[in-house]
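Right, one structure below, let's go through it.
Any read-out appearing in this document is the output of simple, stated calculations on the displayed coordinates, not a laboratory observation. Small disclaimer: the values here were computed from a predicted structure and weren't measured. Here the Cβ positions follow ideal geometry from the backbone for every residue, glycine too, while neighbour counts run over all protein chains shown.
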Amino acid sequence: MDVAFLGIGNELVDGLVQESNSSFIAKKLLEIGLSLREKLQVRDKKEDIISTIRYLIKRNDCIIVTGGLGPTQDDITRESIAELTKKKLILDNLILEKIQRRFSKLNIEMPEENKKQAMVIEGSTVIPNSVGTAPGFIIKNTALIAVFPGVPSEVRAMFNFFIRYIKSNFTIKKKNSSVYIQSIGVPESVVDHVLKEKLSPDIKIGTIARNFQLTVRLDFPYSSQKRSLGEVEKLKKAFPDFSRKIFSLNPEESIEEAVYKKLLRKNKKVIFAESCTGGLVSKLITDIPGSSEIFLGSVICYSNLLKKKLLHVPDSILQSKGAVSFECAHAMLCGLKKIARSDYYISITGIAGPTGGSKDKPVGTIFIGFSKNGQDTIYKFYFPGTREHIRRRTAIKVFELLWEDLNYRSIDTKLQYGLVETKTV
C-alpha cells in the first residue's frame with residue numbers, strides 16, 4: 001500500500017507553523033509495515049486542495065490529510081473533499097451534541113461557526129476526537145482518504161482508530177522490522193562507526209540527533225521483531241560503553257521520561273537547585289504526568305541574593321570564588337539538604353551567556369553538583385554555543401547523570417561529553 005501525506009494550511013506553507021504531524025504518522029505507519037511515499041503541503045484554497053488530492057490519488061492507495069477541519073472561514077478541507085468525491089455534507093446530531101456539551105462544560109455558549117464541525121460526508125467513517133471539537137473521517141474513493149484536524153495533540157489521540165481501521169480492512173505483510181535505539185551523550189559519528197563495524201551491511205542505519213539525544217533506527221531485512229531485538233542485545237554486549245548510554249528502545253521516549261520511570265520503579269526522589277537553567281530542569285520533569293511521585297521540588301536561585309537567603313551560600317564563597325565555581329555548587333547542595341530529605345540532590349550553576357564570561361570562566365562554563373548517599377561530587381563542564389544551547393545541554397546533562405547512576409550506581413567520567421574536571425567532597 002502506497003501512502004501519501006498532505007498538510008493543509010496557509011500557516012504551514014508560509015512557515016509560520018512547523019508541520020510535525022507527518023513525522024508522528026510516519027513512525028506509526030512503520031509499526032504496521034507501511035511507510036510514507038511522499039508528503040506535500042497546500043494552502044487553504046479549495047481548487048488547490050482538490051487538485052493536489054487528485055494528483056496524490058493517481059500515485060497512492062491512501063492519502064492522509066491533516067488540517068482545515070476547524071470552525072473558521074478558511075477551514076475548507078471538509079467541503080473540498082465532499083466536492084472531490086461528489087458526496088453530500090450531512091449534519092451529525094450526535095457530534096453536534098458532543099461539541100455543545102464541550103462548550104457547556106467551559107461555561108461558554110457554542111458559537112454558530114462550530115456547527116460546521118458536526119458536518120460529515122455521507123458514507124464516511126467518523127474518527128472520534130476525544131481531546132478536541134473536530135472529528136476526523138475516512139472515505140473510500142479511488143484511494144482511501146483519511147482526514148484529521150491539524151492540531152498535533154488531536155492527531156496523536158485519534159490515530160490509533162485509523163491504525164485499527166487499516167488492520168481490519170487490509171492485509172499488510174511486513175517485509176522487514178525496525179528497532180529504535182535512544183542514546184544520550186555519545187557523538188553521532190561515534191555511534192555510526194560502532195554500528196557499521198558490528199552490523200551486517202544489509203541492515204540499514206539511520207541516525208537523528210535532536211535535543212542532545214540520538215535516535216538510531218535500524219531496519220532489518222526480516223520481519224521477526226524478536227530476532228531484531230536479539231541482534232540489538234548482541235550489539236549492546238559487544239560495545240558496553242555504548243550500551244551504557246542507551247536509555248530506551250521507544251522512539252517517542254525522552255531521557256527525562258526514562259529517568260522518571262526509573263526513579264519511580266526504584267522509589268527514589270530528587271530535588272534541584274537551579275541557577276543558570278532558571279527552572280528548565282524542573283520544567284522538563286514536571287511536563288511528565290505523575291512526576292510528583294519522584295520530584296520534591298526545586299529552588300530557583302538565579303541571583304546571589306537568593307543563593308544566600310534560600311540556600312545559605314556563604315557570602316565569602318560568592319565574593320572569593322564566585323557564583324560559578326566548585327565551591328558555590330557544593331554550597332548549593334548543602335543548602336538543599338537543609339530543606340528536605342531526598343535520595344538525589346542536584347545543583348546547577350554556570351554562565352549561559354552571551355555576556356558574563358571571562359578568560360578563566362568562559363561562556364558555557366557549567367558546574368553540576370550531584371549528591372547521593374552522603375557523597376557529594378561536583379562536575380565542571382564546558383558547553384560552547386548559544387544561550388539556549390547551553391541551558392538545554394545542561395538540563396539534558398543532569399538527566400544523563402541521573403540515568404547513569406540509577407542504572408549503574410556510578411557515573412563513568414570517561415564517558416561524559418564536555419567534562420573538564422571533577423571534585424568529590
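Below is a table of values for the structure above.
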item	result
Lone unmet requirement of (1) without any contact (Cβ under 8 Å) to a residue 40 or more places away in the chain; (2) over 20 Å from Tyr379 (Cβ atoms) for Ile317	(2)
Residues located in the range 10-28, provided they are more than 13 Å from Val155 (Cβ to Cβ) and either among the aromatic types (Phe, Trp, Tyr) or surrounded by 19 or more Cβ atoms within 10 Å (Cβ to Cβ) (or both)	Leu12
Qualifying residue in the range 401-416 (condition: crowded, with 16+ Cβ neighbours inside 10 Å and touching a Pro at 6+ places or on another chain (Cβ under 8 Å))	no
Tally of residues being of a type in the set (Asp, Glu) and touching a helix residue (DSSP H, G or I) at 6+ places or on another chain (Cβ under 7 Å) across the range 329-384	1
Criterion violated by Asp2 - all others in (1) without any contact (Cβ under 8 Å) to a residue 60 or more places away in the chain; (2) surrounded by fewer than 17 Cβ atoms within 10 Å (Cβ to Cβ) satisfied	(1)
Residue identified as within 21 Å of Gln213 (Cβ to Cβ), of a type in the set (Asp, Glu) and more than 16 Å from the chain's Cα centre (by Cα) among Glu293, Glu252, Glu274, Glu256	Glu274
Given (1) of a type in the set (A, V, I, L, M, F, W, C); (2) in a helix (DSSP H, G or I); (3) out of contact with any strand residue (DSSP E or B) (no Cβ under 8 Å at 6 or more places or on another chain); (4) more than 30 Å from Gly322 (Cβ to Cβ), index of the condition Leu284 fails	(4)
Any pair with Cβ under 6 angstrom, 6 or more apart, that starts in the range 246-259 at a residue that is aliphatic (A, V, I, L, M) and ends at one that is not in a strand (DSSP E or B)	Ile255/Phe399; Val259/Phe399; Val259/Leu402; Val259/Trp403
Some residue of the range 302-311 being closer than 19 Å to Lys423 by Cα and under 32 Å from the mean Cα position of the chain (by Cα)	no
Hits in the range 22-56 (condition: under 21 Å from Thr171 (Cβ atoms), within 23 Å of the chain's Cα centre (by Cα) and outside any helix (DSSP H, G or I))	Ile32, Gly33, Leu34, Ser35, Leu36
Enumeration of residues in the range 61-101 that are over 28 Å from Met1 (Cα atoms) and among the acidic types (Asp, Glu)	Asp74, Asp75, Asp92, Glu97
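For every residue, the table says whether it meets (1) loosely packed, with under 13 Cβ neighbours inside 10 Å; (2) at negative phi; (3) under 24 Å from the mean Cα position of the chain (by Cα).
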site: Val179; (1), (2), (3): no, yes, yes
site: Ser183; (1), (2), (3): no, yes, yes
site: Lys196; (1), (2), (3): yes, yes, no
site: Leu199; (1), (2), (3): no, yes, no
site: Ile203; (1), (2), (3): no, yes, no
site: Thr215; (1), (2), (3): no, yes, yes
site: Asp219; (1), (2), (3): no, yes, yes
site: Glu231; (1), (2), (3): no, yes, no
site: Lys234; (1), (2), (3): yes, yes, no
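To keep it simple, each residue is scored yes or no on (1) among the polar types (S, T, N, Q); (2) out of contact with any His (no Cβ under 9 Å at 6 or more places or on another chain); (3) without any contact (Cβ under 8 Å) to a residue 24 or more places away in the chain.
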| site | (1), (2), (3) |
| --- | --- |
| Pro362 | no, yes, yes |
| Phe383 | no, no, no |
| Arg392 | no, yes, no |
| Ile396 | no, yes, no |
| Trp403 | no, yes, no |
